């Protein structure tokens with residue numbers, strides 16, 4: 001019978017907290033960058049300009065149809081050979097996570113914007129609003145409400161995906177589990193503790209997404 | 001009337017030779033129509049005759065394939081902003097309001113915010129100024145007490161009256177009404193027509209696409225009968241609605257009197 005002992009794990013709680021902090025920074029950083037880039041991609045797709053649409057769609061498919069793990073390894077180990085420069089693992093991690101997130105957020109934006117009835121844009125146009133004003137004041141505020149559940153779900157996935165940056169030695173929460181395991185020889189406790197930490201943070205978020213989705217269904 | 005002559009000084013909005021196809025299907029085959037200041041013109045005709053498409057061309061929500069729209073004698077261009085001798089679509093729409101069949105109120109804005117949106121964002125009025133104007137128009141359509149309601153809380157007739165107030169708050173030179181009672185329950189039609197009738201009495205220049213023939217006959221200075229993408233007959237309400245001579249027009253009107 002295995003005898004559990006979380007005591008060594010508690011002793012290493014500084015490492016876990018630091019790892020958690022790194023995970024949060026990479027998650028939020030890549031969400032913000034991903035949202036900005038995703039919105040740009042989405043506008044390219046909806047611009048009506050064939051070339052922009054094609055480039056944006058190509059980008060999206062590239063990042064949606066390859067594993068994030070492969071992307072991280074490629075950016076860290078392969079891209080430097082192509083460019084002839086070193087890429088810091090932190091830069092590679094943040095860039096890859098952001099680009100990956102952008103590909104998915106762009107699709108959420110696109111779906112949300114296209115779901116707003118044409119009559120809304122026409123009503124804005126009919127009072128003399130410009131395309132940008134219509135987008136900012138009429139379409140996006142309505143679309144963002146509808147996008148919120150999908151956005152939270154994608155961000156939950158992003159939080160978990162951040163664990164992959166440990167393979168290029170960024171000291172995130174998952175990475176710290178390995179470190180603590182190495183120090184304590186207690187893999188069961190180390191990895192369980194990390195799993196519990198992820199769960200405790202993400203479970204409320206998935207509940208929130210469900211709640212918002214139900215409320216939207218009632219109000220529409 | 002010579003088509004080539006420059007528009008009369010009091011012509012507000014004019015369509016010349018408007019043609020439009022959707023794919024292979026020609027919907028408008030060359031329509032001329034001028035709206036003089038203070039004039040109310042109703043456009044009637046069977047479904048699919050191109051009435052709605054035409055009125056949507058008049059504020060360029062629909063881009064004509066051929067022909068041109070002129071606002072106060074100036075040609076409306078393809079851009080949003082004024083460009084050279086042409087005025088922009090933004091300018092046109094600031095001066096020519098439209099009310100839609102399905103209201104198209106902004107659901108994320110209150111009644112008052114729906115009405116102040118254009119004046120603040122497009123005309124640059126202060127919030128206070130715009131609210132004062134908006135309350136005047138909401139009072140005119142009998143909805144001052146609904147200022148803080150959300151569109152979802154209103155009946156169809158109330159929604160449409162807010163939509164009319166929203167268009168009026170831009171203090172337009174002309175209004176385009178696209179089947180504004182077609183989506184309403186029968187008992188709510190009257191309240192909306194009442195508002196339109198009062199606008200006509202006040203001298204608002206209007207083009208009205210409608211299926212309400214007797215209403216058209218009552219408020220209009222001129223009635224236009226469209227069929228198959230052309231204006232098939234045009235004249236006073238008396239000539240068009242009461243003593244129609246055009247065979248297809250007679251057949252069309254007969255369906256309403258049955």
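Readers should treat all values here as calculations from the given coordinates under stated rules, not as data from a laboratory. Owing to the predicted nature of the structure, the values given are computational and were not obtained by experimental measurement. Glycine also receives a Cβ, built like all others from the backbone with ideal geometry; neighbour counts cover every protein chain displayed.
In degrees between 0 and 90, to the nearest 10, how far off the longest principal axis of chain A does helix A:89-114 point, with axes built from Cα atoms?
Orientation of helix A:89-114: about 40 degrees from the principal axis.
What angle do you read, to the nearest 10 degrees and between 0 and 90, between the alpha-carbon axis of helix A:187-219 and the longest principal axis of chain A?
With both axes taken from Cα atoms, the answer is about 20 degrees.
Along the Cα-to-Cβ line of residue B:136, 7 Å from the Cα, sits a label point; which residues in segment B:182-221 have backbone N less than 16 Å from it?
B:199, B:202-204
Which percentage, to the nearest 5, of the DSSP beta bridges contained in chain B is antiparallel? It would help to have the intermediate numbers written out before the result.
Working: 22 of 39 bridges.
Once the DSSP bridges in chain B are tallied, antiparallel ones form about 55 percent.
Where does helix A:50-64 land angle-wise versus the long Cα axis of chain A, in degrees 0 to 90, nearest 10?
20 degrees
Could you work out how much longer the chain between residue A:117 and residue A:36 gets when fully extended? Use 0.36 nm per residue separation minus the Cα distance between them, nm to one decimal. Write down the numbers at each step before the final one.
Working: separation 81, 0.36 × 81 = 29.16 nm, distance 2.40 nm.
Additional length available on full extension: 26.8 nm.
For residue A:6 and residue A:83 in the same chain, what is the full-extension length gain: residue separation times 0.36 nm, less their Cα-Cα distance, in nm?
Details: separation 77, 0.36 × 77 = 27.72 nm, distance 4.62 nm.
Working it through step by step, the gained length comes to 23.1 nm.
Under the √(5λ) rule applied to the eigenvalues of the Cα gyration tensor, what semi-axes describe the equivalent ellipsoid of chain A? Give them in Å, descending. Intermediate values should be presented prior to the final figure.
Values: eigenvalues 307, 111, 27 Å².
Result for chain A: semi-axes of 39, 24, 12 Å.
List B:198, B:166 from most exposed to least, where exposure is judged by having the fewest other Cβ atoms within 10 Å.
Details: B:198 13, B:166 31.
Ranked by crowding around the Cβ, least crowded first: B:198, B:166.
State the antiparallel share, in %, of DSSP beta bridges confined to segment B:160-258, rounding to the nearest 5. Let's see the in-between values first.
On the way: 5 of 9 bridges.
Given both bridge residues lie in segment B:160-258, the antiparallel proportion sits at roughly 55 percent.
Would you mind getting me the FRET efficiency between residue B:25 and residue A:90? Use the beta-carbon distance for r and R0 = 56 Å, nearest 0.05.
Numbers: r = 59 Å, r/R0 = 1.05.
For residue B:25 and residue A:90, the calculated efficiency is 0.45.
Counting only Cα atoms, I'd like the Rg/Rh figure for chain B, Kirkwood definition for Rh. Don't jump to the answer; show the numbers that get you there.
On the way: Rg = 18.2 Å, Rh = 18.8 Å.
Checking Rg against Rh, the ratio lands at 0.96.
Restricting the count to DSSP beta bridges whose residues both fall in the protein assembly as shown, what percent are antiparallel, rounded to a multiple of 5?
Expressed as a percentage, antiparallel bridges in the protein assembly as shown total about 55.
Per residue of B:57-63, what is the mean number of Cβ atoms on other protein chains within 10 angstrom of that residue's Cβ? Write down the numbers at each step before the final one.
Numbers: counts 0, 0, 4, 1, 6, 1, 0.
Mean shielding count: 2.
Please give the calculated 222 nm ellipticity per residue for chain B, where each DSSP H segment of at least 4 residues contributes -39500 (n - 2.57) and the sum is spread over every residue; nearest 500 deg cm²/dmol? It would help to have the intermediate numbers written out before the result.
Values: 8 runs with 87 residues, N = 258.
For chain B, the value works out to -10000 deg cm²/dmol.
Classify segment A:25-79: rounded, prolate or oblate, from the alpha-carbon gyration tensor (a ≥ b ≥ c, eigenvalue square roots; a/c under 1.5 rounded; otherwise prolate if a/b is larger than b/c)? The partial results should precede the final answer.
Numbers: a/c = 2.94, a/b = 1.45, b/c = 2.03.
Since a/c reaches 1.5 but b/c is at least a/b, the shape of segment A:25-79 is classed as oblate.
Please report the relative contact order for segment A:18-171, taking Cα pairs under 8 Å with a sequence separation of at least 6, and give it as a percent rounded to a whole number. Could you put the intermediate results ahead of the total?
Numbers: 150 pairs, mean separation 54.0, N = 154.
It comes to 35 percent, rounded to a whole number.
For peptide A:114-126, what's the mean number of Cβ atoms from other chains within 10 Å of each residue's Cβ? Display every interim value, and only then the final one.
Details: counts 0, 0, 1, 3, 2, 6, 5, 2, 8, 15, 7, 8, 18.
That average works out to 6.
Can you run the Rg to Rh ratio on segment B:65-175? Use alpha carbon positions and the Kirkwood inverse-distance Rh.
Over the Cα atoms of segment B:65-175, Rg/Rh equals 1.03.
May I ask for the Rg/Rh ratio of segment A:139-198, computed from Cα atoms with Rh as the Kirkwood radius, given to two decimals? The partial results should precede the final answer.
Numbers: Rg = 16.5 Å, Rh = 13.4 Å.
So for segment A:139-198, dividing Rg by the Kirkwood Rh gives 1.23.
Residue B:239 to residue B:182: FRET efficiency via 1/(1 + (r/R0)^6), r the Cβ-Cβ distance, R0 30 Å, to the nearest 0.05?
0.75
What percent does the relative contact order of segment B:100-229 come to when contacts are Cα pairs within less than 8 Å and at least six residues apart?
Details: 151 pairs, mean separation 35.2, N = 130.
Reported relative contact order: 27 percent.
Which value in deg cm²/dmol, rounded to the nearest 500, describes the helix-derived mean residue ellipticity at 222 nm for chain A, given -39,500 (n - 2.57) per DSSP H run of n ≥ 4 and division by the residue count?
Working: 10 runs with 167 residues, N = 220.
Result for chain A: -25500 deg cm²/dmol, rounded to the nearest 500.
Tell me the Kirkwood hydrodynamic radius of the protein assembly as shown in angstroms, computed as one over the mean inverse distance between distinct C-alpha pairs. Please list the in-between numbers first.
Working: mean 1/r = 0.0377 Å⁻¹.
Every distinct Cα pair counted, the radius reaches 26.5 Å.
May I ask you to compute the full-extension gain from residue A:184 to residue A:208, defined as 0.36 nm times their residue separation minus their alpha-carbon distance, rounded to one decimal in nm? The partial results should precede the final answer.
Values: separation 24, 0.36 × 24 = 8.64 nm, distance 3.64 nm.
Fully extending the segment from residue A:184 to residue A:208 adds 5.0 nm.
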